[in-house]
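Here is the structure we will look at.
The values are calculated or read from the model by the stated rules, or taken from the named source; none is laboratory data. These figures come from a predicted structure and were not determined experimentally. Here Cβ is always computed from backbone atoms with ideal geometry, including for glycine, and neighbour counts include all displayed protein chains. Remember, those area values only see protein heavy atoms, side chains included, never the ligands or the DNA or RNA. Shrake-Rupley method; radii C 1.70, N 1.55, O 1.52, S 1.80 Å.
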Amino acid sequence: MLLKDKVAVISGAGSGIGQATALLLAKEGAKVATLDRTPAKSQQTVDQIKQAGGEAMMMVADISHWEQVQPSMDKIAESWGKIDIVFANAGINGVWAPLDELSPEEWKTTISINLDGTFYTLKYALPYLKKQGGSVVITSSVNGTRMFSNSGATAYASTKAAQVAFAKMTALELAKYKIRVNVICPGAITTEIDQNTEREDLEEAQEPVEFPEGEIPLTNGQPGTSEQVAQLVLFLVSDASSHITGTEVWIDGGQSLLQG
Ligand code: NAD
């Protein structure tokens with residue numbers, strides 16, 4: 001088992017990429033703490049881990065509120081003695097709309113969950129990571145890093161670009177504590193995120209671009225799975241990647257190379 005005796009905190013572990021990663025890291029021996037604002041869904045993740053003989057605990061927190069994140073990290077470290085792995089993954093698409101229709105509140109909601117939330121997740125785990133070193137993985141996206149053709153997704157793409165800068169800044173700052181920070185940039189992955197996206201009047205914002213047929217070259221258009229992303233996260237949090245820090249990895253079947 002690659003992660004025996006490691007303690008992992010996974011935000012957004014109630015669904016999609018976070019859930020698949022929680023199950024995989026637990027299978028590899030990690031004790032997994034879920035950090036999600038939706039208790040019913042994270043309970044399912046915790047139950048599945050326990051049924052498979054693993055250890056898991058559920059923290060209910062909205063990552064855009066530091067007052068909820070800080071006590072969760074303290075409680076995890078208190079219960080299991082340490083934190084080795086942080087997967088800062090929770091995020092929303094938010095409202096995708098032309099700029100003049102996007103309200104300041106809609107903008108702020110996306111920024112505060114995706115960007116402030118990433119900052120709080122790492123900041124409040126940091127006192128514990130510093131004690132023995134560790135590995136942090138942040139979920140960005142192809143949007144804002146290689147793809148700029150999803151007009152209307154301005155707030156989302158801005159947070160995803162900022163997460164890459166955040167990962168590189170912190171990778172350098174924290175290297176002396178033996179803390180690695182990497183960032184993953186998924187393309188289209190089948191999860192629940194699309195059902196939670198609010199799209200408004202996008203025809204107005206979109207450029208009339210015609211993509212070539214087969215949007216994802218490696219799969220002839222089929223999206224990736226959360227389990228495929230989880231395998232990448234496992235690599236990045238395990239000692240198999242012990243010399244890798246400050247790096248983004250795109251996991252998109254070549255989608256962003258075609259659609260940038
Ligand atoms: P999902 O909607 O299936 O799961 C997201 C989880 O995050 C849910 O359990 C939800 O309750 C939780 N969450 C949302 N806001 C939260 C908050 N404020 N506090 C705590 N928990 C919160 O989505 P997913 O597709 O698995 O997305 C995970 C990450 O992957 C996101 O950061 C997303 O931007 C990124 N991503 C997804 C895709 C894709 O195609 N699915 C592509 C690129 C990047």
Count of segment 171-218 residues which are within 17 Å of the chain's Cα centre (by Cα) and basic (K, R): 1
Taking segment 7-49 and keeping residues among the hydrophobic types (A, V, I, L, M, F, W, C) and open to solvent by 40 Å² or more (accessible area, probe 1.4 Å) leaves L23, A40
Counted residues in segment 173-202 being in a loop (DSSP other than H, G, I, E, B), out of contact with any strand residue (DSSP E or B) (no Cβ under 8 Å at 6 or more places or on another chain) and more than 16 Å from the ligand (Cβ to nearest atom) come to 1
Here is a list: K108, K123, K75. Which entry is surrounded by fewer than 17 Cβ atoms within 10 Å (Cβ to Cβ), within 14 Å of the ligand (Cβ to nearest atom) and in a helix (DSSP H, G or I)? K108
Sole residue being in contact with a helix residue (DSSP H, G or I) (Cβ under 9 Å, 6 or more places away or on another chain), of a type outside the set (S, T, N, Q), farther than 24 Å from Q19 by Cα and away from the ligand (no atom under 14 Å from the Cβ), chosen from A165, A205: A205
What is the number of the single condition among (1) at pLDDT below 85; (2) open to solvent by 30 Å² or more (accessible area, probe 1.4 Å) that L202 does not meet? (2)
In the set D47, D84, D36, which member is among the charged types (D, E, K, R), touching a helix residue (DSSP H, G or I) at 6+ places or on another chain (Cβ under 9 Å) and over 15 Å from V137 (Cβ atoms)? D36
Taking I83 as the residue in question, decide whether it is assigned to a helix (DSSP H, G or I) and either surrounded by 15 or more Cβ atoms within 10 Å (Cβ to Cβ) or polar (S, T, N, Q) (or both). no
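Rundown of residues vs (1) closer than 20 Å to V7 by Cα; (2) modelled with pLDDT of 95 or more, yes/no style:
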residue: A153; (1), (2): no, yes
residue: T159; (1), (2): no, yes
residue: A165; (1), (2): no, yes
residue: M169; (1), (2): no, yes
residue: Y177; (1), (2): yes, yes
residue: Q195; (1), (2): no, no
residue: Q228; (1), (2): no, yes
